[in-house]
1. For the range 258-265, check the following and say yes or no: at least one residue is part of a strand (DSSP E or B) and buried (at least 17 other Cβ atoms within 10 Å of the Cβ).
2. Which condition from (1) under 22 Å from the mean Cα position of the chain (by Cα); (2) at pLDDT 95 or above is the one that residue 18 breaks?
3. Can you tell which of 305, 323 is assigned by TED's automatic domain parsing to the domain that holds residue 242, touching a residue at least 12 places away in the same chain (Cβ under 8 Å), in a loop (DSSP other than H, G, I, E, B) and crowded, with 17+ Cβ neighbours inside 10 Å?
4. Is it the case, given these coordinates, that residue 224 is at pLDDT 95 or above, within 20 Å of residue 310 (Cβ to Cβ), in a loop (DSSP other than H, G, I, E, B) and in contact with a helix residue (DSSP H, G or I) (Cβ under 8 Å, 6 or more places away or on another chain)?
5. Across the range 326-338, what is the number of residues that are surrounded by 18 or more Cβ atoms within 10 Å (Cβ to Cβ) and within 25 Å of the chain's Cα centre (by Cα)?
6. Exactly one condition in (1) surrounded by fewer than 21 Cβ atoms within 10 Å (Cβ to Cβ); (2) touching a helix residue (DSSP H, G or I) at 6+ places or on another chain (Cβ under 9 Å); (3) closer than 19 Å to residue 270 by Cβ; (4) modelled with pLDDT under 95 is false for residue 192; which is it?
7. For the range 178-189, which positions are surrounded by 16 or more Cβ atoms within 10 Å (Cβ to Cβ) and within 20 Å of the chain's Cα centre (by Cα)?
8. Checking residue 5 against (1) at pLDDT below 95; (2) farther than 25 Å from residue 155 by Cβ; (3) in contact with a strand residue (DSSP E or B) (Cβ under 9 Å, 6 or more places away or on another chain), only one condition comes out false. Which one?
């Protein structure tokens, strides 16, 4: 047969990988931002994603994704052990014919794992952080090793989170992979940062420390305020910029007034895109009792803003003490204040740490690095055998 008469053959198109993300909701937070990055980033690799929120509401991040054409479903979880939730997840998995069920946090993992048998979906579980204080749950000693055995991939967002899963959840270390959270690189616009300062009434020559965070007890912003009080008493023309909202807001405003620093403390509220507010800061502050991987800390690093942060959770894996920022022991306002003062005294040190922070971000914490890690995990599920699971839910 001549070349001119050869039969044309068309290879069948490979079925795109379909992923269902299950989470509590798609409100404002680090977990939600990771899911958003995965959904949007994986789409460029041909992965089709949907989201199922089990707390009965979508949230602003979910609504934004929905406007972009992403299917975001909701189901209202009942109190206690909710068997109907298992049925709802199972029906969604069957209807969508998903290859992967990516469960974010423990409760979605529990229900997702129970719902998945017979649906064709392989389960991936990501632990995004730990409660403070962490504690043992002895039921976990019985349940979690079995759950782990039946889950093809378990992911922790930091080495510290992996250690907590081993210690408190009785999961086998060998089964847990670490994939650091990542974000798309952000570039500074100093002219916009100056506009933010002017709009807030901050003098252009002032020294500004700040945070972008939920105002919540676990973030320990009370200690941050006390540290700033100690710092600003010795160093005039300094301001604390707090971007965010949450249950502790009124308490923190009252504390700032009580400490006599209300004029120097700016509560900017929730800002949907706080990039220019971060750029307006000379030093980023993170005072948490515990952290997994702070997304706003990564944003600050991308913007070449050095950090003063507490030595908790996954933060020491992000901030290289003395190189990209300064770490202090949690809960110690005087140490936190002294670290701020160290960076205040040297513009050269701040710039050097800021550039080092951006270099570390590019190498380890970019969205590309995170997506590559999860893409490898998802791809492995295509050929992995299904784990046996004999439990039956009637």
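The values are calculated or read from the model by the stated rules, or taken from the named source; none is laboratory data. Just so it is clear, the structure is predicted and the values come from calculations on it, not from any experiment. A quick note on method: Cβ atoms are made from the backbone with ideal geometry, for glycine too, and the neighbour counts reach across all protein chains shown.
1. Our first condition is that a residue be part of a strand (DSSP E or B); within the range 258-265, this holds for 265.
Those left that are additionally buried (at least 17 other Cβ atoms within 10 Å of the Cβ): 265.
Checking the range 258-265: at least one residue is part of a strand (DSSP E or B) and buried (at least 17 other Cβ atoms within 10 Å of the Cβ).
2. Result: residue 18 fails condition (1) only.
3. Selected residue: 305, the only one of 305, 323 that is assigned by TED's automatic domain parsing to the domain that holds residue 242, touching a residue at least 12 places away in the same chain (Cβ under 8 Å), in a loop (DSSP other than H, G, I, E, B) and crowded, with 17+ Cβ neighbours inside 10 Å.
4. Criteria not met by residue 224.
5. The total comes to 5.
6. For residue 192, the exception is condition (4).
7. 179, 180, 181, 182, 183, 185, 186
8. Of (1) at pLDDT below 95; (2) farther than 25 Å from residue 155 by Cβ; (3) in contact with a strand residue (DSSP E or B) (Cβ under 9 Å, 6 or more places away or on another chain), only one is false for residue 5: (3).
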